[in-house]
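Written below as structure tokens is the structure these notes are about.
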Amino acid sequence: MSAQKTKLKFDRLFSEFSIKNLHLKNRIVFLPHYTAYAEVTSLPSEEETYYYTERAKGGTGLIITGNYAVSKVGQMHRTFINASDRRCITNFSKTVNNCHKYGAKIIGQLSHAGATKVELPRASLYAPSQVLEKSTGSYTTAIAKDEIGQVVKEFGTAAETLVMSGFDGVEVKVAHDGILRIFVSPYYNKRNDEYGGSFENKMRIIHEVFTEIRSKLTENMVLGVRLSADEFEDDGFNLETGVQVAKYMADNKLVDYISCDAGTWNTFIMQIPPMTIPLGFGEYIAAAIKKVVDIPVIAFGRINDPIQAEQILENGSADLIGMARQLLCDPEWANKSKKGMVDDIRKCIGCEEGCIGQVFLMQPIKCIQNPAAGKEKKLGIGTLKKAEIKKKIVIAGGGVAGLKFAEISAKRGHEVVLFEKEKTLGGQINILKSIPFRNEYSEVVRYLEFILKEFPNVTIKAGVAANSENITSEKPDALLIATGAVSYIPDTVQNSKAVTSWDVLENKVDIGKSILVYDPLSHNEGVGIVEYLFDTYKNINIRYITPQNDICANAKNENKDILLRKLLQEDLEIIPYYGLVSADDKAVSFNKAFTDKMMTIEDSSFDNFIYTGSLKSVDDLYWKFKEDGGVSEVYRLGDAKAPADVEIAIHEAEALARSI
């Protein structure tokens, strides 16, 4: 059955616009971000060229690359491109020319890391004054006046590289990291010379940098700023100061546009907001700046929907719509939106596992939903080819792995029959989405399910469990087992009150007032069930016990900070370093790590004992067909192969489907 398409028009979003004399075909901006695609020599790579080209090919009007370091000392890490190196020009020029070929304009962003370095050991953390850099726990070096002059010149030198590479403009980072913003910050700037004290003095280095860069640009190039307008720190500056900075820069003709931003490394959830932060949260910041300046303003902050983007423009809150992770997730967002194909858009869910999760490891960024991110040459737009031999493929299981495999197989022309025992597709996602800070995972399934409805060569049999008989009756050429996993209570746990977190999320348990949660992994599932319980039930108390060093110790996302702010307001006792020894109907016993100390909790003192993190694959069908034969090609994916994350399920599904 063909999908019912929702087609809308977004006249403002796709109206032309100019920043000074830089003409844009639409109002969509790919915001700058760290990719770690650079060569080991800190030069731009082929991967980076393909990455930006893909977003231009997808219809984006303006691409802002970055953030490029202005010198070796100014690098946050060796994987940041050093724009002062003229060897960058070769690949920079390729990127610029490729983006221009698809009608996009391209601006390069420059920055000096200052105190925000992740290279170890952390040497030369330059800041206005010597203070403790809270996000790293390192002390900064107070920058001398002659060193300030050197930094200003370095910005100019790096700008010359961008000019010679053919960029349409330069953007400077006065944003969530880098040395320039912290000159405005009252925490970092305690100077009493011409670079500290008054507002004008704190702005002096910024004024000098922009003046230096402007002198290097050609007449047709634009100069902009990425501005963190609110640090969201108790000892930082707030929106009032951020607006003052924006007005100063506009009034003094330092910039041709302002790209809005928020947060710092210490308030990371505002800098790169996870799904716990509302979609479009930054609109009010852009609106506040737009009220006081007469130059274009770029909005930001979890914008992933063209309806949302159109509304921001209609409200007059901004002139342009900025997004980074959404275009990482779906490079064709602009083209799809222009056609009104809103349901075809694969939306970023703010999970921060493939993108920001990689950043913290200094590894090339990815996207859990888009295996092509960073691999555009191999997997990008136009690379998926029809299969030379069309096959009939049966898929057992309609979770994420099965659905993604079905999508790629269908696009390659195979006939696909998918069995799912539940009436609703999605597998574990249908459980996961019950957790408040994971609820947007439902978008992963929505997209895949919608796309599959477009293909007449796909038959979905929801509510029908796969078995050897109905699989065999389909006479498949290939069989994929993607039957997922189940949660279980280990045999060592003999307490009759013991249940799994899945049991709770599926409403199979009567929840009492006093609850034990045992989380051996201290992962998302454990903190998720705690949040779910406090959100769902009133007047409860929870004792959270883990052998790890804290709650969320191994959580893979940046929701941790905001979750703790929320959960620590509740009647929650966190007991780290205790591993489960035994559990029966008399008591549950734990041993403190590295000691002989025991903790025993009597059965009468709690109503529920929730055991998290134990999963095992449902793979009976795989082994049956693998060992008994009957189908020439038998594969397994997702949790049926091994319980793992959504990213692994999707990426492995795409790779396998491309190979058949």
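Counting DSSP beta bridges in the chain, what percent are antiparallel, to the nearest 5?
The answer is about 20 percent antiparallel.
Work through the residues other than Ala262 whose Cβ is under 10 Å from its Cβ and net out their charges, Lys, Arg +1 and Asp, Glu -1.
With Lys, Arg at +1 and Asp, Glu at -1, the net is -3.
Keeping every protein chain present and rolling a 1.4 Å probe, give me the accessible area per residue for segment 12-86 in Å².
With all protein chains present, segment 12-86 gives 31 Å² per residue.
Starting from 0.36 nm per residue, how many nanometres of slack lie between Asp628 and Asn470 once their C-alpha separation is accounted for?
Answer, rounded to one decimal: 55.3 nm.
Tell me whether segment 392-457 comes out rounded, prolate or oblate; compute the Cα gyration tensor, take square roots of the eigenvalues as a ≥ b ≥ c, and use a/c under 1.5 as the rounded threshold. Don't skip to the answer; put the middle values down first.
Numbers: a/c = 2.85, a/b = 1.93, b/c = 1.48.
The shape class here is prolate.
For segment 471-543, state which GluC sites (Glu not before Pro) are in a DSSP loop and have at most 14 other beta carbons lying within 10 Å of their beta carbon. Walk me through the intermediate numbers first.
On the way: sites: Glu474, Glu506, Glu525, Glu531; in loops: Glu474, Glu506.
For GluC sites (Glu not before Pro) across segment 471-543 that sit outside H, G, I, E and B with at most 14 neighbouring Cβ atoms in 10 Å, the list reads Glu506.
Which value, in debye to the nearest 20, gives the size of the charge dipole of segment 498-613 about its Cα centre, when Lys and Arg are +1 and Asp and Glu are -1 at the Cβ?
260 debye
About its Cα centre, what dipole magnitude does segment 17-379 give when the only charges are +1 on Lys and Arg Cβ and -1 on Asp and Glu Cβ, stated in debye to the nearest 20?
Values: 41 positive and 43 negative charges, 167 e Å.
In total the dipole reaches around 800 debye.
First check a/c for segment 336-457, with a ≥ b ≥ c the square roots of the eigenvalues of its C-alpha gyration tensor; if it is under 1.5, answer rounded, and if not, answer prolate when a/b is larger than b/c or oblate otherwise.
Details: a/c = 1.67, a/b = 1.18, b/c = 1.41.
Judged from the Cα gyration tensor, segment 336-457 comes out oblate (a/c at least 1.5, b/c at or above a/b).
Can you work out the FRET efficiency for the pair Asp571 and Ile381, with r the C-beta to C-beta distance and R0 = 30 Å, to the nearest 0.05?
Plugging the Cβ-Cβ distance into 1/(1 + (r/R0)^6) gives 0.05.
In percent, how large is the relative contact order of segment 498-613, given Cα pairs closer than 8 Å and 6 or more residues apart?
Normalised by residue count, the contact order of segment 498-613 is 35 percent.
Report the residues of segment 328-360 in range of a label on Lys7: point 7 Å along Cα→C-beta, backbone N strictly under 15 Å from it.
336-344
What distance in nm lies between label points placed 7 Å from Cα along the C-beta direction at Phe360 and Thr536?
About 2.6 nm separates the two model spin labels.
For segment 565-570, what does the Karplus curve 6.51 cos²θ - 1.76 cosθ + 1.60, with θ = phi - 60°, yield as ³J(HN,Hα) per residue in whole Hz, taken in order and with x for Gly and Pro?
Here the 3J(HN,Hα) series is 4, 7, 6, 6, 7, 8 Hz.
Counting only heavy atoms of the protein chains, get the accessible area per residue of segment 498-613 (1.4 Å probe) and round it to a whole Å² value.
Numbers: 5300 Å² over 116 residues.
For segment 498-613, the solvent-accessible area averages 46 Å² per residue.
Calculate, in nm to one decimal, what Asn507 and His23 gain on full extension: separation in residues at 0.36 nm each, minus their alpha carbon distance.
That works out to 168.7 nm of additional length.
If you count, for each residue, the other Cβ atoms within 10 Å and average over each peptide, how do 545-553, 309-317 line up from highest to lowest? If you can, show how the numbers build up before the last one.
Numbers: 545-553: 20.3, 309-317: 18.2.
With the highest mean Cβ count within 10 Å placed first, the list reads 545-553, 309-317.
Per residue, what volume in Å³ does the convex hull of the Cα atoms of the chain enclose?
Values: hull volume 111.0 nm³, N = 660.
Once divided by residue count, the hull of the chain is 168 Å³.
Measure off, as a whole percent, the carbon and sulfur share of the 1.4 Å-probe accessible area of the chain, all protein chains present.
Working: 12660 of 25880 Å².
Answer for the chain is 49 percent, counting heavy atoms of protein chains only.
Around Glu39, under 13 Å between beta carbons, what's the net of Lys plus Arg minus Asp minus Glu among the other residues?
-2
Skipping prolines and chain starts, which residues have an amide H placed within reach, meaning under 5 Å, of the one on Leu480, given they are 5 or more residues away or on another chain?
Those qualifying (amide H under 5 Å, at least 5 residues apart or on another chain) are Val394, Ile395, Ala396, Tyr635.
Let me know the charge dipole size of the chain about its Cα centre in debye, to the nearest 20, where only the beta-carbon of Lys, Arg (+1) and Asp, Glu (-1) is charged.
1940 debye
If you take the square roots of the eigenvalues of the alpha-carbon gyration tensor of segment 498-613 and sort them as a ≥ b ≥ c, do you get rounded (a/c under 1.5), prolate (a/b over b/c) or oblate?
Here segment 498-613 falls in the oblate category.
Among Gly149, Asn26, His523, pick out the residue whose Cα is farthest towards the positive end of the charge dipole of the chain, where Lys and Arg carry +1 and Asp and Glu carry -1 on C-beta, about the Cα centre.
Comparing the listed Cα positions along the dipole, Asn26 ranks first.
Of Gly236, Ile269, Leu223, which is farthest towards the positive pole of segment 211-282's charge dipole, taken about the Cα centre with +1 and -1 on the beta-carbons of Lys, Arg and Asp, Glu respectively?
It is Leu223, whose Cα lies furthest towards the positive end.
Would any residue of segment 406-445 have its amide N under 14 Å from a label point 7 Å out along Cα→Cβ of Lys390? List them or say none.
Once the point is set 7 Å along Cα→Cβ of Lys390, 410-417 turn out to lie under 14 Å by backbone N, inside segment 406-445.
Provide the FRET efficiency to the nearest 0.05 for the Glu454-Phe594 pair, computing r from the beta carbons and using R0 = 41 Å.
Working: r = 57 Å, r/R0 = 1.39.
Rounded to the nearest 0.05, the efficiency is 0.10.
Taking θ as phi - 60°, what are the ³J(HN,Hα) couplings along segment 652-660 by the Karplus curve (6.51, -1.76, 1.60), each to the nearest whole Hz, with x for Gly and Pro?
In residue order, the calculated couplings are 5, 5, 5, 4, 5, 5, 6, 8, 9 Hz.
Which of Ile321, Leu162, Ala123 sits closest to the plus end of the dipole of segment 17-379, meaning its Cα is farthest towards the positive end, when Lys and Arg get +1 and Asp and Glu get -1 on the C-beta?
Of the candidates, Leu162 comes out farthest on the positive side.
Please flag any cysteine in the chain that has no other cysteine's Cβ under 4.7 angstrom from its own Cβ.
Cys88, Cys99, Cys260, Cys351, Cys355, Cys367, Cys552
For Thr218 and Ser442, FRET efficiency with R0 = 41 Å and r from the beta-carbon atoms, rounded to 0.05? If you can, show how the numbers build up before the last one.
Numbers: r = 48 Å, r/R0 = 1.18.
For Ser442 and Thr218, the calculated efficiency is 0.25.
Name the long-range amide H neighbours of Phe80: under 5 Å, sequence gap of 5 or more, or other chain; modelled H, no Pro or chain starts.
For Phe80, whose amide H was placed from the backbone, there are no distant partners under 5 Å.
Whose amide H sits under 5 Å from the amide H of Thr459, counting only residues 5 or more places off or on another chain, with H placed in the peptide plane?
Those lying under 5 Å, H to H, from Thr459 are Val416, Val417, Leu418.
I need the phi-derived Karplus couplings for segment 118-131: 6.51 cos²θ - 1.76 cosθ + 1.60, θ = phi - 60°, integer Hz, Gly and Pro marked x.
Computed from phi, the couplings for segment 118-131 are 10, 5, 9, x, 7, 9, 6, 7, 6, 8, x, 9, 7, 9 Hz.
In deg cm²/dmol and to the nearest 500, what is the mean residue ellipticity at 222 nm of the chain if only DSSP H runs of at least 4 residues count, each as -39500 (n - 2.57), divided by the residue total? Kindly include the intermediate steps, with their values, before the conclusion.
Details: 23 runs with 204 residues, N = 660.
Using -39500 (n - 2.57) per qualifying helix, the result is -8500 deg cm²/dmol.
Could you tell me how many cubic angstrom of Cα convex hull volume segment 548-660 has per residue? Walk me through the intermediate numbers first.
Working: hull volume 20.7 nm³, N = 113.
Output value, Cα hull per residue: 183 Å³.
The values are calculated or read from the model by the stated rules, or taken from the named source; none is laboratory data. Owing to the predicted nature of the structure, the values given are computational and were not obtained by experimental measurement. Glycine also receives a Cβ, built like all others from the backbone with ideal geometry; neighbour counts cover every protein chain displayed. The area values use the complete protein model at the heavy-atom level, side chains included, leaving out ligands, DNA and RNA. Shrake-Rupley method; radii C 1.70, N 1.55, O 1.52, S 1.80 Å.
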